[in-house]
Structure formats: C-alpha cells, structure tokens
Amino acid sequence: MNAPRATTAPRGAEPLVHRAQPPADVLVRGAHVLDPRAGIDAPLDVLVRGGVIAELGAPDTLDAPAGAEVLDGRGKHLLPGFVDPHVHFRVPGQEHKEDLDSGTRAAAAGGYVAVVAMPNTNPTVDDATVLGSLREAARREARIPVGFMASVTRRLAGEALTEMAELRDEGALGFTDDGKPVHRAAILRRALQYQRLCGGVLALHEEDPSLSGAGVMHEGEVSARLGLAGIPSISESTMIARDAAIAGYEAGRIHIQHLSAVESVEAVAVAKARGVAITAEVSPHHLTLTCDALRDNLDTRLKMNPPLRSEHDRQALIAALRDGTVDCIATDHAPHAREEKEVPFEEAPMGTTGLETAFAALHTELVLPGVLPLALVVEKLSAGAALVGLPLPAVAVGRPADLCLIDLAATWEVGEAGYESRAENCCFAGRTLQGRVLATLAAGAVVYRERAFAVSAA
Ligand SMILES: [Zn+2]
C-alpha cells in the first residue's frame, strides 16, 4: 500500500461561490443555542455584526446596535447551519426542474448554509469550461454558498477520466459520477492515482448494474408481492467492498454516497477498521422511511435510487449514524418536474427532494421519539463540510454567521403551502412534521426568513 495523504483542501479557486449580499447586523435574543461541537447547549444572546458573530452573552444582556434587526429567539433553538454535500440543482440543462436560485432558496428554507451540487447535468460538469460558467452563474444567482463536484469520467460514461487537475484548479471540490457507479474497477483505480496529484474526494454512487438491472424498488417481500423488479442490497454493498479495497490499495480517499442497506454499513465498518480513508453519508429518507410505505400505495415520490429498504436496514443506518460508521447526513435533493413523476411507478424517474424537510423529518421521526439525540442530528447535518475540506459551521465569536433559528414546537404539513424548490416530488409530502426553520443566516447574510416570523428593528 502507498502512504496515505491529505487530499481534502480545495486549491486555487475559492471553494464556494454565491451572490454577494449585504452582511447582516442581527441580534438573536434569548434563543437556546445548541452547537454540539463547540459544547454550547444553553440560552444565549447572539450578536452578529457585519456578518460575523461578534458576541455571545447571557439572555437579555446584549444590546442591539442602532439599525440592527432583532430576532426574538425565546423558546426557539439557534443552531450551526447545515451543510449538504449532495444535492442536484439540474443546472446546466434542466432548469425547468430546479435552478441555482430555486435550489438555494429551498436550501436556505431548510436551514442550510452551504451545499455541494452534483455534476450529472446536461452537459455534464466534466470540463473546466462548463465548471467555470456554472460557478459564474452561481455568483449571480445562488442565495447561499454552493460548491461543485466534477465528474470522474467524461459524460459519466465510465470510460475516459476527466482532466481532474484542471477541474480542481477551476474549483471542483471533488469528483463523482453520482447517479451512476464507476463501473470499471481500473477506472476508479486510475482516478485514485490522479487524486494523489490533485486531491479532491472521490464520492461514489455504489451500484452494480448487473445486479440492480431494471429494478425499481428494494428487492424483498414487498417487491415480490407487488410483482415489481427489485434492486438487491448486494448491488450496493458488493461495490462498496470492491471500492474500499481499491482505495485501500491506492491509499486514496473515498466517500460513499447515500448508504441504504445493512450490508453496506457492514462493508463501510470493515473498511474503516482496516484503516481505509473512507467516509459515508445517509439520507433523511433512508433514515425515516421504508419500502413498506409502497405496499398499499405506489407513490412515485417514494421512488429513489438507492431505494427505500427494509426496517432492518433502516435500523442499521440509524445505529451507524450513532456509532460513527456513517459520518454525515446528505439529502440527495433530486428535483423532477411534475409530469415526469405523474406516470406509472415503473416508468417514473428516481429521486426525491429533501432540502426543505431534512431537519423536520429527522426531528419528528427520530429525535422526538427518543431514537437519536437532537445534538447528534444537528452535528451530522453539517458534518458533510469536512468531506470537501470546508470549515464546519460554528457558533463562535469571530466566525461568519452560518446559523439557523428553529422552532422545535411548530408543526406543518409538507407541501401544504407549496415549496421553495421548483419541484414537488417530496417523499414527505402530506406528512405533518414538527420543527420549522424560522430564519437562516449563511456566510454572514440573512438568506431566509419564514413568512410569519416577526422581526423588529432596534
Ligand atoms: Zn445523487
């Protein structure tokens, strides 16, 4: 094995880009501040001046400077904002599904302060020119900072590697063929060898197409009963085992996207125990839903890749989040146009949106019943920043305001008031969730404020 190496730090271009916005002067008064990494779990006043966290103080002790906005945080929670390492914004090429403005609006409404967009667009983000113009568009349109991954192979075809070093210089945070696996082992091996030169994590969508075939849902009792083609868990786990072995051999760094099955958790755990530089993410929908939901209702909003799996799998994912086998939560926000999803289940495209519902779904389904502590969920919702070498948001003096204010008691029906996203294909649609984002500050600016949430000037 080669010696391990550090490959995270972005190089050259700034890692995240967004539209310039006026820096905030805001006093959040008396919110319960919860920043697990900083060890803060108490009611505090938090003063933001010029977009930077300027002062923390006991409740009702800080004065709002003239002109500052005052957010009444009493009875609310103030958290470090969330970072999503896996979203699809459909730009360039499919802006009717989502664009940088609508996608980042959805993210801000979900409490996110930074997101990383996948390159499976049209054209693919597989050369520096496409990446450069995408980043230019984000400088005009994105409401919160966005980073971009480039593809591992040209046109996601799995054959020729992209110019990884050039793409890194242009600002690619890492590489992924997400939506597809890197099917040929030799291609992944070569990419890991280039990673040694240029850095950047390799994020892997793990699926063996010879096993997943034409499957449309998890292979098991429910698919058998419905007579639908299944996607077996081993389609994912065997590829994880293969890729972990290759990464170990090349001393490269890989990240496993959207883990869905118990066998996959085991494969990641084995690789970690062997010292492979491997991380993994899990989505809110895989943590909270199972394929049982399809038993009586073939709702195309519940069709995604990897598919919702069994309760046994879901429990394994929860345990993996708890014990650290899974490093972070990522939504895999995958918008589709309404007419694309309004077709028979077998024909519908895979994917669900997730940015606006991630926190509320996890809070409702896992925190409130006592399955996972709130602090763990909050920590994992931003832990994805580390994958791509970004600083973790923190409630700390001197840090940029990357914060979200949340009402943990507020209930709302998903979709009832529409979505900030351009798409409606949300797997939680119609559910009543508890936990509502009231305001989000990203990179020092107020980027979202819930309609009904009162603001007063000092
Ligand atoms: Zn994806």
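At a glance:
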read-out	value
Neighbours by Cβ (under 6 Å, 6+ apart or cross-chain): first from the range 63-74, without any contact (Cβ under 8 Å) to a residue 60 or more places away in the chain; second not acidic (Asp, Glu)	Arg74/Gly30
Boolean, Leu156 is in contact with a helix residue (DSSP H, G or I) (Cβ under 7 Å, 6 or more places away or on another chain) and not basic (Lys, Arg)	no
Boolean, Pro15 is open to solvent by less than 60 Å² (accessible area, probe 1.4 Å), over 15 Å from Asp407 (Cα atoms), in contact with a helix residue (DSSP H, G or I) (Cβ under 9 Å, 6 or more places away or on another chain) and not aliphatic (A, V, I, L, M)	yes
Checking Ile246 against (1) within 25 Å of Ile329 (Cβ to Cβ); (2) of a type in the set (A, V, I, L, M); (3) touching a residue at least 12 places away in the same chain (Cβ under 8 Å), the condition it does not meet	(1)
Residue match in the range 430-439 (condition: open to solvent by less than 40 Å² (accessible area, probe 1.4 Å), in contact with a His (Cβ under 8 Å, 6 or more places away or on another chain) and in contact (Cβ under 8 Å) with a residue 40 or more places away in the chain)	yes
For Ala42: the one exception among (1) more than 16 Å from the ligand (Cβ to nearest atom); (2) touching a residue at least 12 places away in the same chain (Cβ under 8 Å); (3) open to solvent by 10 Å² or more (accessible area, probe 1.4 Å)	(2)
Residues (within 16 Å of the ligand (Cβ to nearest atom), open to solvent by 20 Å² or more (accessible area, probe 1.4 Å) and modelled with pLDDT of 95 or more) located in the range 61-96	none
Selection within the range 159-197 - open to solvent by less than 20 Å² (accessible area, probe 1.4 Å), farther than 17 Å from Gly248 by Cα and more than 16 Å from the ligand (Cβ to nearest atom)	Thr162, Met164, Leu167, Arg168, Gly171, Ala172
Matching option when the condition is more than 16 Å from the ligand (Cβ to nearest atom), crowded, with 24+ Cβ neighbours inside 10 Å and under 18 Å from the mean Cα position of the chain (by Cα), among Leu403, Leu390, Leu376, Leu355	Leu403
Leading residue by the ranking (most open to solvent (accessible area, probe 1.4 Å)) among those in the range 198-241 that are among the charged types (D, E, K, R) and within 16 Å of the ligand (Cβ to nearest atom)	Glu207
Tally of residues being without any contact (Cβ under 8 Å) to a residue 60 or more places away in the chain and either under 17 Å from the mean Cα position of the chain (by Cα) or surrounded by fewer than 16 Cβ atoms within 10 Å (Cβ to Cβ) (or both) across the range 306-328	10
From Gly132, Gly110, residue being among the small types (Gly, Ala, Ser), away from the ligand (no atom under 16 Å from the Cβ), over 20 Å from Cys426 (Cα atoms) and open to solvent by less than 20 Å² (accessible area, probe 1.4 Å)	Gly132
Near pairs, Cβ below 6 angstrom, 6+ apart or cross-chain, from the range 337-351 (among the aliphatic types (A, V, I, L, M)) to any residue that is more than 16 Å from the ligand (Cβ to nearest atom) and open to solvent by 50 Å² or more (accessible area, probe 1.4 Å)	Ala337/His96
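Yes/no per residue for (1) under 21 Å from Arg143 (Cβ atoms); (2) over 20 Å from the mean Cα position of the chain (by Cα); (3) of a type in the set (Ser, Thr, Tyr):
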position: Tyr419; (1), (2), (3): yes, no, yes
position: Glu424; (1), (2), (3): yes, no, no
position: Arg431; (1), (2), (3): no, yes, no
position: Ala445; (1), (2), (3): yes, yes, no
position: Ala452; (1), (2), (3): yes, yes, no
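The values are calculated or read from the model by the stated rules, or taken from the named source; none is laboratory data. None of the values given here were measured: they were computed from a predicted structure. Here Cβ is always computed from backbone atoms with ideal geometry, including for glycine, and neighbour counts include all displayed protein chains. Protein only, heavy atoms only, side chains kept; ligands, DNA and RNA dropped before computing areas. Shrake-Rupley method; radii C 1.70, N 1.55, O 1.52, S 1.80 Å.
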